[in-house]
1. If you check GLY54, GLY33, which single one turns out to be surrounded by 19 or more Cβ atoms within 10 Å (Cβ to Cβ) and over 30 Å from PHE243 (Cβ atoms)?
2. Look at segment 256-273 and say how many of its residues are under 15 Å from ASP159 (Cα atoms) and out of contact with any helix residue (DSSP H, G or I) (no Cβ under 6 Å at 6 or more places or on another chain).
3. For residues in segment 19-30 being of a type outside the set (Gly, Ala, Ser) and buried (at least 16 other Cβ atoms within 10 Å of the Cβ), which is nearest to ligand 2 (Cβ to nearest atom)?
4. From (1) modelled with pLDDT of 80 or more; (2) within 14 Å of ligand 1 (Cβ to nearest atom), pick out the condition that doesn't hold for ARG103.
5. Can you pull out the residues in segment 194-211 that are of a type in the set (S, T, N, Q), under 28 Å from the mean Cα position of the chain (by Cα) and more than 15 Å from ligand 1 (Cβ to nearest atom)?
6. Can you name the helices (runs of 4 or more DSSP H) wholly within segment 246-314 that have at least 1 residues being β-branched (Val, Ile, Thr)?
7. Any chance you could count how many residues in segment 22-60 are within 16 Å of ligand 1 (Cβ to nearest atom) and under 15 Å from THR167 (Cα atoms)?
8. Conditions first: (1) modelled with pLDDT of 75 or more; (2) under 22 Å from LEU29 (Cβ atoms); (3) of a type outside the set (Phe, Trp, Tyr). GLY112 passes all but one, so which condition is the exception?
Amino acid sequence: MTVQENQAEELLHRFRQGDVRALARALTLVESGHPVGQELLKRLRGQARAKVVGITGSPGAGKSTLTDRLILEARKRGERVGVLAVDPSSPFTGGAILGDRIRMMRHHQDPGVYIRSLASRGALGGLAGATVAALALLEAFGFDRIFVETVGVGQSEVDIARVADTTLLVLTPAAGDAVQAFKAGVMEIADLFAVNKFDLPGGERIIQELKSALELAPPRPGGWHPPIYPTVAATGEGVEALFEGLEAHYQHLVAHGLLEAHRLERARFEVESVIQEWGRKRTQGAGDLVARVARGELSPEEAALALLDPKTHP
Ligand SMILES: Nc1nc2c(ncn2[C@@H]2O[C@H](COP(=O)(O)OP(=O)(O)OP(=O)(O)O)[C@@H](O)[C@H]2O)c(=O)[nH]1
Ligand SMILES: [Mg+2]
């Protein structure tokens, strides 16, 4: 056995016993792209399944506050809950993550809840790859439900709709929020909508706009009609109905045999993320090749093929 296999073995043992510190250590190893983390993932992947809910929306829409309330609903039903707060904007612990921690603080004493922030780009597939890998670890640890909070919609680095079983888009009555959602094409990817901050004026109008837009949207697999929930995350109003909506969507996936397609899409996304990150890293270290492309001596395709050739990069 190599040293790495040995270390992985020892960690795996504690992980399987449900040791939360082993989970935390495993997540750190995976996040930083450490070989022991890779080894662990290989052994744990695909063994368990959680209901994975992606929560996305513009900055400050109330995603963390809403997640905090959804955790309560899940706990009421006896579910064990994992949370990943993904922050593409800050390389280390930035302001947003601090905010996430504070907003979900009350769950820290609850052994049925585990909350983790991710911001590193050290993993093989960048932040996107790290997110999916962390998700696999949380699933293997045995959580029943996992919430993944990501900022931004559409062209986000972590394409949450390809990773989650259920995608919830959080909008607010703030001017332009709905319009932006239409532009970014998220009408097609969101399975449910929450119009949060419904205590502020303009909520009804957003709901009407959403309804009209959804009438024009293409039909969904299995004939799913994305529901819209008014919520006030700050007080918890509307959150129970929203949680039931999440559950209904999951049951829809089960009833129509759609879960497997989601898992395949997640794996596809993961492979793509690794290729993309490889390409980015190798291109950074290939000044000569890039210069030749700039001079017109090589086509970008020829340079890319040379970079990805295993003979030059084992
Ligand atoms: N009025 C009102 N304010 C809310 C509501 N929900 C959240 N907020 C406030 O909105 C602000 C942002 O909430 P967060 O939960 O941090 O929002 P977020 O979407 O997670 O923000 P980022 O992670 O930074 O993108 C906080 O000051 C919340 O207290 C709501 O229903 N009504
Ligand atoms: Mg947040």
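1. Only one candidate qualifies: GLY33.
2. Selection size over segment 256-273: 7.
3. Here the residue is LEU27.
4. Looking at each condition in turn, ARG103 falls short on (1).
5. Answer for segment 194-211, where residues must be of a type in the set (S, T, N, Q), under 28 Å from the mean Cα position of the chain (by Cα) and more than 15 Å from ligand 1 (Cβ to nearest atom): there is none.
6. Hits in segment 246-314: 259-284, 287-294.
7. Qualifying residue count for the region: 6.
8. Result: GLY112 fails condition (2) only.
The values are calculated or read from the model by the stated rules, or taken from the named source; none is laboratory data. Note that the structure is predicted; figures quoted are calculated from it, not measured. Heads up, the Cβs are rebuilt from the backbone with ideal geometry, glycines too, and the neighbour counts pull from every protein chain shown.
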